[in-house]
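Visitor: One structure, as structure tokens, below. Some questions next.
The values are calculated or read from the model by the stated rules, or taken from the named source; none is laboratory data. Since the model is a prediction, treat every value here as computed from it, not as a measurement. Neighbour counts run over all protein chains shown; Cβ positions are idealised from the backbone, glycine included.
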Amino acid sequence: MNNEFVPVTKIDVFRGRKIRKTMHKNEWCFSVVDVCEALTDSLDAGAYWRKLKQRLQEEGSEVVTFCHGLKLPAPDGKMRETDCADTEGMFRIIQSIPSPKAEPFKRWLARVGYERVQEIEDPEIATKRTRALYKAKGYSDDWIEKRMRGIAIREELTDEWKKHGVEKDREYEILAAEISKAAFGITPSQYKKLKGLKHQNLRDHMTDLELIFSMLGEASTTQITKVEHPSGFGENKAVSRRAEMWQESPARNWSRKPAVKW
């Protein structure tokens, strides 16, 4: 069991290939299947990794012990468990993959790992990088400011949930869905479908007003939680359903407008 809300996941790109990664024990862990695909150009990277993993196990290699089953966004948009390894483990796995791309990938991996060390030592670096990424994608400064504020509010809320007995990932998802239903009348998964999204981040495809409504719903839930101190999933769920201001909120009407895509 880990105490994260929706696991922190990102996508990096190596020579045009997407490499999914997720935070585990303050370290980035990378999708082994994605790395296999990037290094081998295999049409079925999943099968390639299964065969390699079986061979390593038969040989008594300890490489596979560096893998963790962690949840990453799948092509269908759902979070699915997949083999992942941290920087050290990935270096070991790469040794077993014959590829001319291995050395360039190692250098890339070392840089990505170093960036994470910098972010741990100075969280402001991560914030600046995120802002720069959104700016490069063409988002306005006003939108970026709201998005960054929303991230901070979400983190404060999940911290409060942890303090008040919410433990499982699925519980966090349900609580978030309750807030979304109170604010917009629909769950996040329904909202993504409305906008025509699959694995993309829903917040990254919200308008300024949608971000504001989301922030207000989560901020109000945070304040109620701090005051009333609900204990466990059941009581926190009841709090998430409240936020009286949202029950007849105009935010619900926004969710029913044509899907917005950036």
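Visitor: Got a sec? Which of Asp44, Asp83, Asp34 is at pLDDT 90 or above and touching a Lys or Arg at 6+ places or on another chain (Cβ under 7 Å)?
Guide: Asp34
Visitor: Any idea which of Ala47, Ala85 is surrounded by 13 or more Cβ atoms within 10 Å (Cβ to Cβ) and either assigned by TED's automatic domain parsing to the domain that holds Glu173 or of a type in the set (A, V, I, L, M, F, W, C) (or both)?
Guide: Values: Ala47 fails: surrounded by 13 or more Cβ atoms within 10 Å (Cβ to Cβ).
None of the others qualify; the one that does is Ala85.
Visitor: While we're looking at this one, here's another question. Sort through Ser249, Ser240 and tell me the only one that's assigned to a loop (DSSP other than H, G, I, E, B), modelled with pLDDT under 95 and surrounded by 15 or more Cβ atoms within 10 Å (Cβ to Cβ).
Guide: Ser249
Visitor: How many residues does region 80-95 contain that are part of a loop (DSSP other than H, G, I, E, B) and within 15 Å of Asp34 (Cβ to Cβ)?
Guide: Residues of region 80-95 part of a loop (DSSP other than H, G, I, E, B): 86, 95.
Remaining after also requiring within 15 Å of Asp34 (Cβ to Cβ): 86.
Of the residues in region 80-95, 1 are part of a loop (DSSP other than H, G, I, E, B) and within 15 Å of Asp34 (Cβ to Cβ).
Visitor: Now for a different question. Please state which one of Ile212, Ile174 is over 20 Å from Arg147 (Cα atoms), assigned to a helix (DSSP H, G or I) and at pLDDT 90 or above.
Guide: One residue alone meets the criteria, Ile174.
Visitor: For region 189-210, name all the residues that are surrounded by fewer than 20 Cβ atoms within 10 Å (Cβ to Cβ) and closer than 17 Å to Ala152 by Cβ.
Guide: Scanning region 189-210 gives Asn201, Arg203, Asp204, Asp208.
Visitor: Now for a different question. Give me a count of the residues in region 126-165 that are hydrophobic (A, V, I, L, M, F, W, C), exposed (fewer than 14 other Cβ atoms within 10 Å of the Cβ) and at pLDDT below 80.
Guide: Residues meeting the conditions: 1.
Visitor: Just to verify a result, which residue in region 46-79, among those that are under 22 Å from the mean Cα position of the chain (by Cα) and part of a helix (DSSP H, G or I), is nearest to Asp169 (Cα to Cα)? Spell out the reasoning first.
Guide: Of the residues in region 46-79, the ones under 22 Å from the mean Cα position of the chain (by Cα) are 46, 66-79.
Those still in the list that are part of a helix (DSSP H, G or I) too: 46, 66.
Details: Gly46: 25, Phe66: 23 Å.
Checking each candidate, the answer is Phe66.
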